[in-house]
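The values are calculated or read from the model by the stated rules, or taken from the named source; none is laboratory data. Keep in mind the model is a prediction, meaning the values are calculated, not measured. Heads up, the Cβs are rebuilt from the backbone with ideal geometry, glycines too, and the neighbour counts pull from every protein chain shown.
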Amino acid sequence: MKKEYLLLILILLFAFFLRVYNLNEAPFWIDESISSIVAKNILEKGTPLLDSGMMYKGAYVFHYLQAFFLSFGLNDFNARIISVIFGLLTILLGYFIGKEYSKSGGIITALFMAVFYLEVFYSRQARYYQMFQFMFFLSLYLLYKSKGNLKYLILALISLFITINTHISGLFLIPFFVLHILIYNKQKYLSLIPVIPYIKRFFNVSSLKSESTEVAVNYFNSYVSFIRNIKYLFILFIPGVIMSFYKKKRLSFLLVVPAIVLLISVMFVEYFALRYAYFFAFPLVLYSSLFISYLYERYKNLMIIPILVLLIIPSNLVFPYSYVNVIKPIDYNYNDYSAPEINYKDIPLELIEKIKNDKLTVLFSPGAEWYIKKPDYVYPYSMTGIGNDSVSFNNLDRYTGANITTNINKGHFIADNFAYSKLKSKIDFSNCKLEYENKDLKIYYCSA
């Protein structure tokens, strides 16, 4: 076995360890519980048909794969393991793309991809953002390989369709596919395939845009606030991209330009969320790693110490709160206010049993169903804070099928901080007794 392959296996094993370590420990953030409830319904009904009668559309491949793993047990570990797998595949993709540029580029890219903190955190989530990142850049890589090769072109188109299904922003790849097929591929007619079925969906993307440049600037500043600790990677990224363009113009164009176009577009999306921009972590780590590999190939062993410094110094071994690389395993969620968690796991077991035998009213319902039981009532609110109610469907809660109510019913009421903050008028709990609270929620018992 080649030394490089042995080293790659060791990197993948360490990456796997980082991603599965106490994978069951951290509570779901809100979207994780939504995906898990969708997958649970697939397991029960064969389709993502929720109990409200609403068909959950989107990310079908992800949710069916998630449902497969949930067939081995309905728990957080099995809900999240699919993202672990896509996280490892992302490292492998980085390895193969890095090898296209330089002899050492593959292994150095895999090494830094394995420990980069955002790659680790998103690979530990029961949500499709890790899959989207992988499929987005796999589609572009397969498109690059498709020049003169019909097999790769077919695989690229399949990958494109899965990318778009995983997240609607995959539509930004379509112009690049069309242009590449028309310029570099013999089968020009195939350029029509990615366009026709998704014309309507493109307008759906447009409807998500904000018209305000001021809003875009504010969102840009919000995204920048999340990357203060990784500014040095952008310093390495820029010469890495420039040098890579000289080596592989077409590959670099395909990987960099669509990513930058989508990243800029994210600034104009109506809602701010770090997860929308997460996909860009891949080219950031890739081209900063490639710059290091170019220096390694020039200076050889003199670069070993700088590589170790870049791995260890900005890691959680040295900086436990503002780290960039995960060397010591973590068992908590990333501190991201745009992805709030609701901690049901700290609720005492005796209180959970009491709630199970009582009527339950909640605000955000998927987490309650996943960790406790299907609620009897859901108090309406807006997920985005716009309007008064975005959770009703057929006069039922869209996720669980529970009855919608604006009354304080007898029994337990779980008021999570995320949903409560979206209410236009606050709930009067003066006739209820507070039985439990943590940083994410409060549990009341209401007698009437």
Restricted to the range 1-42 and to residues being of a type in the set (Asp, Glu) and either without any contact (Cβ under 8 Å) to a residue 24 or more places away in the chain or not in a loop (DSSP other than H, G, I, E, B) (or both), the residue surrounded by the fewest Cβ atoms within 10 Å (Cβ to Cβ) is Glu4
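Quick grid of which residues meet (1) in contact (Cβ under 8 Å) with a residue 24 or more places away in the chain; (2) within 29 Å of Leu311 (Cβ to Cβ); (3) touching a helix residue (DSSP H, G or I) at 6+ places or on another chain (Cβ under 6 Å); (4) in the same structural domain as Leu263 (by TED's automatic domain parsing):
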| position | (1), (2), (3), (4) |
| --- | --- |
| Glu44 | no, no, no, no |
| Gly58 | yes, no, no, no |
| Ser83 | yes, yes, yes, yes |
| Leu89 | yes, yes, yes, yes |
| Tyr95 | yes, yes, yes, yes |
| Gly98 | yes, yes, yes, yes |
| Phe134 | yes, yes, yes, yes |
| Ser146 | yes, no, yes, yes |
Does Asp358 satisfy being outside the structural domain of Glu270 (by TED's automatic domain parsing), closer than 21 Å to Leu434 by Cα and not in a helix (DSSP H, G or I)?
yes
For Gly385, the lone unmet condition from (1) touching a residue at least 24 places away in the same chain (Cβ under 8 Å); (2) more than 17 Å from Glu341 (Cβ to Cβ); (3) outside any strand (DSSP E or B); (4) touching a strand residue (DSSP E or B) at 6+ places or on another chain (Cβ under 9 Å) is (4)
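Take the range 221-253 and flag every residue that is loosely packed, with under 14 Cβ neighbours inside 10 Å and of a type in the set (Gly, Ala, Ser). If you could, list the steps in order and put the result at the bottom.
Of the residues in the range 221-253, the ones loosely packed, with under 14 Cβ neighbours inside 10 Å are 221, 224-225, 228, 231-232, 234-235, 238, 242, 246, 249.
Listed by number, the list holds a single entry, Ser225.
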Exception for Phe272 within (1) more than 18 Å from the chain's Cα centre (by Cα); (2) over 23 Å from Pro314 (Cβ atoms); (3) of a type outside the set (A, V, I, L, M) falls at (1)
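Is it the case that some residue within the range 270-284 is over 19 Å from Lys103 (Cβ atoms) and of a type in the set (Asp, Glu)? It would help to see each step written out before you state the result.
Filtering the range 270-284 for residues over 19 Å from Lys103 (Cβ atoms) gives 270-284.
Right, trim to of a type in the set (Asp, Glu) and you get 270.
Checked the range 270-284: at least one residue is over 19 Å from Lys103 (Cβ atoms) and of a type in the set (Asp, Glu).
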Expected single match for in a helix (DSSP H, G or I), in the same structural domain as Arg19 (by TED's automatic domain parsing), surrounded by 14 or more Cβ atoms within 10 Å (Cβ to Cβ) and within 24 Å of the chain's Cα centre (by Cα) among Ser293, Ser265 is Ser265
